[in-house]
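Data block below; observations after.
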Amino acid sequence: MDEEKSKLRMDELVKILDDANYNYYVLDNPTITDQEFDQLLRELEILEEKYPDFALKDSPTKRVGGLVIDKFKKITHTIPMLSLPDVFSYDEIIAFDERIRKSGIEPVYVCELKIDGLSVSLHYENGEFKTAATRGNGTIGEDITHNVKTIKSVPMRLRKKETIEVRGEIYMAKETLKKLNQERQELEMPLLQNCRNAAAGSIRQLDSNVCAKRNLDTWIYHLPNPEDYGIKTHYEALEYMKELGLKTNSSSKLVKGVNGILDFIEEYTKKRPTLSYDIDGVVIKVNDLASQKKLGFTSKYPRWAIAYKFPAEEVLTKLKDIIYTVGRTGRITPNAVLEPALVMGSTVKRATLHNEDYIIEKDLKINDTVSIRKAGDVIPEVVERKLERRTGSEIEFKMITNCPICGKNLEKKPGQVDYYCLNESCPARHIEGLVHFVSRHAMNIDGFGEKIMEDFFNLGFIKTIVDIYHLEKHKEDLIELEGYGKKSVDNLLEAIENSKQNSLERLLFGLGIGGIGDKTALLLARTYKTLDTLSEKTKEELQSIKDIGPILANNIEAYFKDVDNQTLIHNLKELNINTTFLGEEIKESEWFSGKRFVVTGTISFMGRDEIEHIIENYGGQASSSVSKKTDIVIVGENAGSKETKAKELKIPIWNEEQLYKVLKDLNEV
Ligand code: IVH
């Protein structure tokens, strides 16, 4: 194909692909199959590679991300981006209507859904998409153009060559959030609380590749300069924006009078759970633009619109009991046992009550009728007790004074809110302590989950750490247990035996001495080389190590002075468990071996130090600046200039997911 023909074909492909995007994402009416789309996109990509000069800046091929920015530039809104006054009751809607009528206006309203996302301003010049900005403080927002380009419902070219600013909401569909959270759960990453936070977090990415994967969407609902286009009403503005190819919401409705508004609210209160996106209320706007002008603005809001917010879904249920759990550190947490209740689609039976003060502050009594809701739509929370529902049969709350498991007195340190069971041999603390001992960063005994430990504990096979190494004695019993079998028992016993060879830091971390994390354990093991040497150090001596403060030093000294702990250590040594620092074995992995890495940005599942540590453990090198010598750059959230440099130098980049997969493969996460 000669150059001219190629250029024509490229223009044609852009048009076909833009139209396909429009039909699919704006009109929700696909005209070609995904396969056809991908094929045409590939054809365009190939032509663009061959003729980069003909490639459009806003080509459909650029919608998959690619652009990474250093920081967000500021964009000034020539017309301030105002928000709306919230109202929470029908009375306030009636008052709004009365106020408008008093000013001599006979209003027609447009009722719209209040989309729960974040507002955006889009600028087009001669029909071409130019910039997108967040609301910011209303006057100055942030430039999010690179990310908005990846939102398929935002047209890169309008259907008319108009120069125009439009505003609307960027949101994430409920299903998209669900899938994203499923993926994050599999990767053991923190879950995103709701669609709004997920959308806002995605749009605040410096790397548009991340945003592109989040499948954001838009509803456009506001034209700041309608008179420039000869438009007389808000509803006409919506229709005009739709004509331009922007995605407007078809539920927007013209209504007369308060009853029309209330009907709309009732209708969408019912439909809300069936919508594919989250709404948090209904926006009511005066339709006629001349009337809007007459009503004007306060310093913060337009006088011609309000936002009715749906009440947060709170459900009444009964507080049947307050029960307590004991953590590995002995911390006691009170939990509400609730009459099962359906809140936003899932059954809630328990909610944390955090601590004694929290319960006292909320004045909760057992048998109280309480309202519950999902904080951030995810975590159940008790909002308040309903005083008017008290019958006199309620039981006064009184914080327990003894451990629910071992019965020993609980203690509360001055100035703290939490109670602790300080009984080191409290069985509840033991299960968690045991689980901690065998966990990956401690003795790393494969095949020992929490459930297995609980079973063995309850069967009396394992009560203390030492018992783990005597499990062999129960081999026949274990094989007989439902769900175990010879093979898994053999594997488990072998893993236990192998763990005896671990380097000191693993044992030290596994012992669960207050405040000793895996890094401190490594530091101590490296410094003192043997458990015996460490155990003889005074707290003053310990504090001579950088990073060991007085509390930690105190804990360490106290731990080794304790007679029970001395017996434990003696017994572990008798079992031939290694108590010396073996240095770090350099492990083998083609992912890291001999390669130079730079880690930049925030990785959600692991600290940078730890990642660098693993790289070095596998014979790689971790450095802080990107150069031609760098082999791979690992980028987390808000990575910034190092990522840009990596792209310039065409150095391969791993994102969080890729890193996770590699680490998982190596059993490091
Ligand atoms: S109109 C001057 N319409 O709710 C009018 N806002 O507090 C500007 N929102 O910041 C806003 N859906 O982010 C409008 N259909 C809708 C909306 C909507 C959601 C958001 C928007 C705004 C806030 C109002």
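Per-structure values
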{"read-out": "Meets criteria (among the basic types (Lys, Arg), touching a residue at least 12 places away in the same chain (Cβ under 8 Å) and open to solvent by 40 Å² or more (accessible area, probe 1.4 Å)) for LYS546", "value": "no"}
{"read-out": "Matching option when the condition is away from the ligand (no atom under 16 Å from the Cβ) and charged (D, E, K, R), among LYS318, LYS309", "value": "LYS318"}
{"read-out": "Out of LEU47, LEU8, sole residue that is more than 24 Å from THR218 (Cα to Cα) and open to solvent by 60 Å² or more (accessible area, probe 1.4 Å)", "value": "LEU8"}
{"read-out": "Check on VAL166, buried (at least 22 other Cβ atoms within 10 Å of the Cβ), within 15 Å of the ligand (Cβ to nearest atom) and in contact (Cβ under 8 Å) with a residue 40 or more places away in the chain", "value": "yes"}
{"read-out": "Filtered residues of the range 231-240 (kept if away from the ligand (no atom under 12 Å from the Cβ) and either in a helix (DSSP H, G or I) or open to solvent by 50 Å² or more (accessible area, probe 1.4 Å) (or both))", "value": "LYS232, TYR235, GLU236, GLU239, TYR240"}
{"read-out": "Residue count, the range 61-97 (criterion: in a helix (DSSP H, G or I) and under 30 Å from GLN39 (Cβ atoms))", "value": "4"}
{"read-out": "Evaluation of VAL599 against (1) part of a loop (DSSP other than H, G, I, E, B); (2) over 18 Å from HIS441 (Cα atoms); (3) of a type outside the set (S, T, N, Q); (4) in contact with a Leu (Cβ under 9 Å, 6 or more places away or on another chain) (one fails), failing number", "value": "(1)"}
{"read-out": "Scan of the range 305-322 for residues that are touching an Asp or Glu at 6+ places or on another chain (Cβ under 9 Å) and over 25 Å from ASN367 (Cβ atoms), ordered by number", "value": "ILE306, ALA307, TYR308, LYS309, PHE310"}
{"read-out": "Contacts under 9 angstrom Cβ, first residue in the range 133-157 being open to solvent by 40 Å² or more (accessible area, probe 1.4 Å), partner of a type in the set (Asp, Glu) and away from the ligand (no atom under 16 Å from the Cβ), 6 or more apart", "value": "LYS149/ASP58; ARG157/ASP18; ARG157/ASP58; ARG157/GLU128"}
{"read-out": "The listed residue being more than 13 Å from the ligand (Cβ to nearest atom), farther than 17 Å from LEU289 by Cβ, touching an Asp or Glu at 6+ places or on another chain (Cβ under 8 Å) and open to solvent by less than 50 Å² (accessible area, probe 1.4 Å), out of GLY245, GLY257", "value": "GLY257"}
{"read-out": "Any hit, the range 206-219, residues being part of a helix (DSSP H, G or I), out of contact with any Gly (no Cβ under 6 Å at 6 or more places or on another chain) and among the aliphatic types (A, V, I, L, M)", "value": "yes"}
{"read-out": "Some residue of the range 141-163 being closer than 20 Å to ALA307 by Cβ, within 14 Å of the ligand (Cβ to nearest atom) and not aliphatic (A, V, I, L, M)", "value": "yes"}
{"read-out": "Residues being in contact with a Leu (Cβ under 7 Å, 6 or more places away or on another chain), in a loop (DSSP other than H, G, I, E, B) and under 25 Å from THR580 (Cα atoms) - total across the range 465-499", "value": "1"}
{"read-out": "Residues being buried (at least 19 other Cβ atoms within 10 Å of the Cβ) and either of a type in the set (Val, Ile, Thr) or without any contact (Cβ under 8 Å) to a residue 24 or more places away in the chain (or both) - total across the range 296-317", "value": "2"}
{"read-out": "Subset of the range 624-668 (residues that are open to solvent by less than 30 Å² (accessible area, probe 1.4 Å) and in a loop (DSSP other than H, G, I, E, B))", "value": "VAL626, THR630, GLY636, ALA639, GLY640, ILE651, GLU668"}
{"read-out": "Near pairs, Cβ below 8 angstrom, 6+ apart or cross-chain, from the range 108-128 (farther than 19 Å from ILE203 by Cβ and open to solvent by 30 Å² or more (accessible area, probe 1.4 Å)) to any residue that is outside any loop (DSSP other than H, G, I, E, B) and within 13 Å of the ligand (Cβ to nearest atom)", "value": "VAL108/VAL286"}
{"read-out": "The range 277-301: number of residues that are assigned to a loop (DSSP other than H, G, I, E, B) and either in contact with a Ser or Thr (Cβ under 6 Å, 6 or more places away or on another chain) or within 13 Å of the ligand (Cβ to nearest atom) (or both)", "value": "7"}
{"read-out": "Residues of the range 411-429 satisfying the condition of being open to solvent by less than 50 Å² (accessible area, probe 1.4 Å) and out of contact with any Leu (no Cβ under 8 Å at 6 or more places or on another chain)", "value": "ASP418, ASN423, CYS426, PRO427, ALA428, ARG429"}
{"read-out": "When residues of the range 81-93 are limited to those that are touching a Lys or Arg at 6+ places or on another chain (Cβ under 9 Å) and open to solvent by 50 Å² or more (accessible area, probe 1.4 Å), the one nearest to LEU118 (Cα to Cα)", "value": "LEU82"}
{"read-out": "Failed criterion for ASP455 (all others in (1) open to solvent by 60 Å² or more (accessible area, probe 1.4 Å); (2) acidic (Asp, Glu); (3) more than 26 Å from ALA525 (Cα to Cα); (4) part of a helix (DSSP H, G or I) hold)", "value": "(1)"}
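Listed here are the residues, each with its yes/no results for (1) of a type outside the set (Gly, Ala, Ser); (2) surrounded by 15 or more Cβ atoms within 10 Å (Cβ to Cβ); (3) touching a helix residue (DSSP H, G or I) at 6+ places or on another chain (Cβ under 7 Å).
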{"position": "ASP321", "(1), (2), (3)": "yes, no, no"}
{"position": "VAL343", "(1), (2), (3)": "yes, yes, no"}
{"position": "ALA351", "(1), (2), (3)": "no, yes, no"}
{"position": "ILE359", "(1), (2), (3)": "yes, yes, no"}
{"position": "LYS362", "(1), (2), (3)": "yes, yes, no"}
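The values are calculated or read from the model by the stated rules, or taken from the named source; none is laboratory data. Every value quoted in this text rests on a predicted model; they were computed, and no experiment measured them. All Cβ positions, glycine included, derive from the backbone under ideal geometry; neighbour counts span all protein chains shown. Keep in mind that these areas ignore ligands, DNA and RNA; they rest on the heavy atoms of the full protein, side chains included. Shrake-Rupley method; radii C 1.70, N 1.55, O 1.52, S 1.80 Å.
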